[in-house]
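Asks: Before we start, here is the structure in question, set down as C-alpha cells.
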Amino acid sequence: MPETRATAYDSKIEGNVIFTRFDAALNWVHKNSLWPMPMGLACCAIELMAAAASRFDIARFGAEVMRFSPRQCDVMIVAGTVTYKMALAVKRIYEQMPEPKWVIAMGACASTGGMYRSYAVLQGIDQLIPVDVYISGCPPRPEALLAGLMKLQEKISRERSFRNQKPELTEKLEEAFA
Amino acid sequence: MTGQELIHSLDEAFDGKLQDQTEFRGDTTFTIAAGDVREIAAFCRDKLSFDYLIDVTSIDNFGEEPRFEIVYHLYSMPHAVHLCLKLKVPEDAVDTVSDIWPTANWHEREIYDMMGIKFNGHPDLRRILMWDGYPFYPLRKDFPLEGLPSEMPDVAFTKVTPLEGGPFVTVPSTATAKDREPRARPPEL
C-alpha cells in the first residue's frame, strides 16, 4: 500500500514550481512556436523569404520552421495574389491544417485583391477563410511581416485556448465545480 | 540576302495574296487571307528562313466583320529580319500553324482561352490560363472588366469585382492626390 504524506511545503522543489492559468501556459507554448505554412503566391513570397533569412531572422520569434505539409503547420501566411483558379486550393490547404490554426493575410492582394480589380482575382482571402492579421503594403517589408507576427502572438496570448479546443470538457468541469 | 530581298521574294511567290503592305521602322507588315496562312507560313519558314515565331496575338475589333484579327510576328535568325503577318478571321475559321512552328501550340491555346478563337487542326486546344469549364472569354471587348459570376463546384468560382465606379486612373498634374487620382475616368476623356 503506497504511503501518503503531506506535501504542502517542500523546500527541495521550491523555485521549480510555477503557478499559472492553464490557458496562459498553453498560449505561451503556441505563440512562441508558430510553424508557418508559406502560401507564397506572388511577390510577397519574396519578402516572406527575406523575413526567414539571416538579416531579418524570423527565428527570433519562433516561427522559422516553414513546413510544406499543411498537417504540420499552425499559421498560414497567405503571401500574394489569390486568383480564382488558386482560391479553392488555398481553402483546401487551410482545411488540411490541424487546429488550432491562424491565418495572416500578407499584403494588399491577399487582404483585398489589391490593385487587381479584375475578373481573375479573388478580392481578399477573407472571403474564403477566416483571417487573424492583415498586413498592409505592396509588398510589405519583412519588418512589417514580423510586426504582423508579433500582433498574432499578442492575439494568441489573449485566447481562451482550452475552452475553444475542448468545449464539452470545459462544460463538464464547470458543472462539477459549480 | 537582305530584308528587302526576302520580302520581295515573298511578294513574288504569292503575287496578289499579300495585301496592305506597310512598313514601319524597317519592319514589314502584310495582311493575308485566313485560308492562305498555312501555305504562306510554310513558305516563310522553309524558303525564306523565318525560323522563329516570336509571338501570336489576337485583336478583337468588336463591331466589325470579320470580328477578329490574328497577328504573327516572325523573325529570321540567319538574316535578322522581322516580318509581321495579319489575318482577319471570324470566330472559328483559322488554321493552326503549330505543326510549322511548335511554339504556336501554347500561343494558340492562349488566344483560344482569352478570345475564344478556335484553331482548326490544333493538337490540344484546351484553355491554358483559366480552368477547363470557365464559361467566358475574358479579353473580348464585350466582356466587362469587373468580370461575370461563374461557379464550378470543387474547381473554381468567380464573382463580380467591385470597381467603385470605374477603373483606377491617374491624370498628370500638380493637383492634389484626390483630384489627380480619381477612381473613375470621366467619360469625355
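Bear in mind these aren't lab numbers, they're just calculated from the coordinates by the rules spelled out. Note that the structure is a prediction, hence the values are computed from the model and not measured. FYI the Cβ positions are ideal-geometry reconstructions off the backbone, even for glycines, and counts take in every protein chain you see.
Asks: How do B:T174, A:T170 rank when sorted from fewest to most other Cβ atoms within 10 Å of their own Cβ? Before the final figure, lay out each step's value.
Replies: On the way: B:T174 6, A:T170 14.
Taking fewest neighbouring Cβ atoms as first place, the list is B:T174, A:T170.
Asks: So, one more: Could you tell me which of rounded, prolate or oblate describes the range A:69-116, using a ≥ b ≥ c as the square roots of the eigenvalues of the alpha-carbon gyration tensor, with rounded for a/c under 1.5 and, failing that, prolate when a/b is larger than b/c and oblate otherwise?
Replies: Details: a/c = 3.16, a/b = 1.72, b/c = 1.84.
Note, shape of the range A:69-116 comes out oblate.
Asks: Now for a separate question. For A:R60 and A:E95 in the same chain, what is the full-extension length gain: residue separation times 0.36 nm, less their Cα-Cα distance, in nm?
Replies: Details: separation 35, 0.36 × 35 = 12.60 nm, distance 2.79 nm.
Full extension from A:R60 to A:E95 adds 9.8 nm.
Asks: For the range A:76-117, list residues with backbone N below 15 Å from a point placed 7 Å from the Cα of B:W131 toward its Cβ?
Replies: The answer is A:82-94, whose backbone nitrogens lie closer than 15 Å to the label point.
Asks: Based solely on C-alpha atoms, express the radius of gyration and the Dmax of the protein assembly as shown in angstrom.
Replies: Spelled out, the Cα radius of gyration and Dmax of the protein assembly as shown are 30.6, 113 Å.
Asks: When the chain is fully extended, how far beyond the present Cα-Cα distance does A:R21 get from A:I46, taking 0.36 nm per residue of separation?
Replies: Numbers: separation 25, 0.36 × 25 = 9.00 nm, distance 3.94 nm.
Using 0.36 nm per residue and subtracting the Cα-Cα distance, I get 5.1 nm.
Asks: Treating the beta-carbon of each Lys and Arg as +1 and of each Asp and Glu as -1, no other charges, what is the dipole magnitude of chain B about its Cα centre, to the nearest 20 debye?
Replies: 540 debye
Asks: Pull out a ≥ b ≥ c, the square roots of the eigenvalues of the alpha-carbon gyration tensor of chain B, then state rounded if a/c is under 1.5, prolate if not and a/b is larger than b/c, and oblate in the remaining case.
Replies: Numbers: a/c = 2.52, a/b = 1.54, b/c = 1.64.
Because a/c hits 1.5 or more and a/b fails to exceed b/c, chain B counts as oblate.
Asks: Can you tell me, using C-alpha contacts under 8 Å and at least 6 residues apart, the relative contact order of chain B as a whole percent? Could the numbers behind the result be given before it?
Replies: Values: 310 pairs, mean separation 25.5, N = 189.
Value for chain B: 14 percent.
Asks: Averaged over B:84-95, how many beta carbons belonging to a partner chain fall within 10 Å of each residue's beta carbon?
Replies: The per-residue average across the peptide is 0.
Asks: Something else now. How high is the relative contact order of the range B:1-72, given as a whole-number percent (alpha carbon pairs under 8 Å, six or more residues apart)?
Replies: Working: 52 pairs, mean separation 13.0, N = 72.
Here the relative contact order equals 18 percent.
Asks: Where is the GNM fluctuation largest for chain A (alpha-carbon springs, 10 angstrom cutoff): A:R55, A:R71, A:R158?
Replies: Looking only at A:R55, A:R71, A:R158, the biggest GNM fluctuation is shown by A:R55.
Asks: Sticking with this one: Please identify, among B:V37, B:V169, B:V89, the residue showing maximal mean-square fluctuation in a Gaussian network model of chain B using a 10 angstrom Cα cutoff.
Replies: With Cα springs under 10 Å in chain B, the top fluctuation among B:V37, B:V169, B:V89 is at B:V169.
Asks: Turning to a different aspect of this structure: What 222 nm value per residue comes from the helices of chain A, counting each DSSP H run with n ≥ 4 as -39,500 (n - 2.57) and dividing by all residues, nearest 500 deg cm²/dmol? Don't jump to the answer; show the numbers that get you there.
Replies: Working: 7 runs with 70 residues, N = 178.
One gets -11500 deg cm²/dmol as the mean residue ellipticity at 222 nm.
Asks: Also: Within a 10 angstrom radius of each residue's Cβ in B:151-158, how many Cβ atoms of other chains show up on average? Whole number is fine. Present the calculation step by step, with values, prior to reporting the outcome.
Replies: Values: counts 0, 2, 1, 2, 3, 8, 5, 8.
Across the residues of B:151-158, the mean count of other-chain Cβ atoms within 10 Å is 4.
Asks: Mind checking the mean number of beta-carbon atoms from other chains within 10 Å of the Cβ atoms in A:83-90? Spell out each step's value before the answer.
Replies: On the way: counts 4, 11, 7, 1, 3, 6, 1, 0.
Partner-chain Cβ atoms within 10 Å, mean over residues of A:83-90: 4.
Asks: Over chain B, with a Gaussian network built from C-alpha contacts below 10 Å, which listed residue (B:G35, B:G116, B:G16) shows the highest mean-square fluctuation?
Replies: B:G16
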